[in-house]
Amino acid sequence: MQSAEQLMMEAGLRPTKARTAVLNALLNSHTALSQPEILSALQGVKEIDRVTVYRVLDWLQENALIHKISTDDRAWKYQLNSPKRSFKVASSAAPGLLSNHGHAHLHCQSCGTVLCIHELAAHIPQAIFDTYQVSHIEISLKGLCPDCQQNASVQTAAG
Ligand SMILES: [Zn+2]
Ligand SMILES: [Zn+2]
């Protein structure tokens, strides 16, 4: 597993303490995290406050290291981009659009967990990009995660 510093240096970016801390929080989580979740994970890190986290998240997005995912409660969640899987981008699509946002997300409707599913990529006809100016692609699968399914069946069994 690459460190946060390595990821930034390989992308030609300058790591700072705040950037490293935020990126590490995302590296250490297999689910997408909201800004408050990142902030609470970084409690005790001196350089970090709410504004810093927002600023660093924007910066990480601009530099294509992370992407954001919309959730039902209108909050954004953030997760790392997967450097290993880059999908071939249709020539007239915005650069990086499919590679960063063409994958699907699993949303648990009970606990709010969001997972990136890179195995499922969008196959969007070129005709769409010829006629529409597409700025964001998002595929959502909604339901219950394994933990919440288990909790639900325990509750049912308890009556
Ligand atoms: Zn769940
Ligand atoms: Zn994702």
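The values are calculated or read from the model by the stated rules, or taken from the named source; none is laboratory data. Since this is a predicted model, take the numbers as computed values, not measurements. Glycine also receives a Cβ, built like all others from the backbone with ideal geometry; neighbour counts cover every protein chain displayed.
Data overview
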| item | result |
| --- | --- |
| Candidate set: the stretch 94-118, residues that are over 15 Å from the mean Cα position of the chain (by Cα) and at pLDDT 70 or above; chosen: the one farthest from ligand 1 (Cβ to nearest atom) | GLN109 |
| Residue, farthest from GLY112 (Cα to Cα), within the stretch 41-74, restricted to residues that are part of a strand (DSSP E or B) and either modelled with pLDDT of 95 or more or not aliphatic (A, V, I, L, M) (or both) | HIS67 |
| Among residues of the stretch 28-40, those that are in a helix (DSSP H, G or I) and out of contact with any helix residue (DSSP H, G or I) (no Cβ under 6 Å at 6 or more places or on another chain), counted | 3 |
| Qualifying positions in the stretch 51-74 - exposed (fewer than 14 other Cβ atoms within 10 Å of the Cβ) and among the hydrophobic types (A, V, I, L, M, F, W, C) | VAL51 |
| Complete set of residues in the stretch 135-159 that are loosely packed, with under 11 Cβ neighbours inside 10 Å, polar (S, T, N, Q) and assigned to a helix (DSSP H, G or I) | SER153, GLN155, THR156 |
| Of all residues making up the stretch 103-122, the number that are within 12 Å of ligand 2 (Cβ to nearest atom), among the hydrophobic types (A, V, I, L, M, F, W, C) and surrounded by 16 or more Cβ atoms within 10 Å (Cβ to Cβ) | 6 |
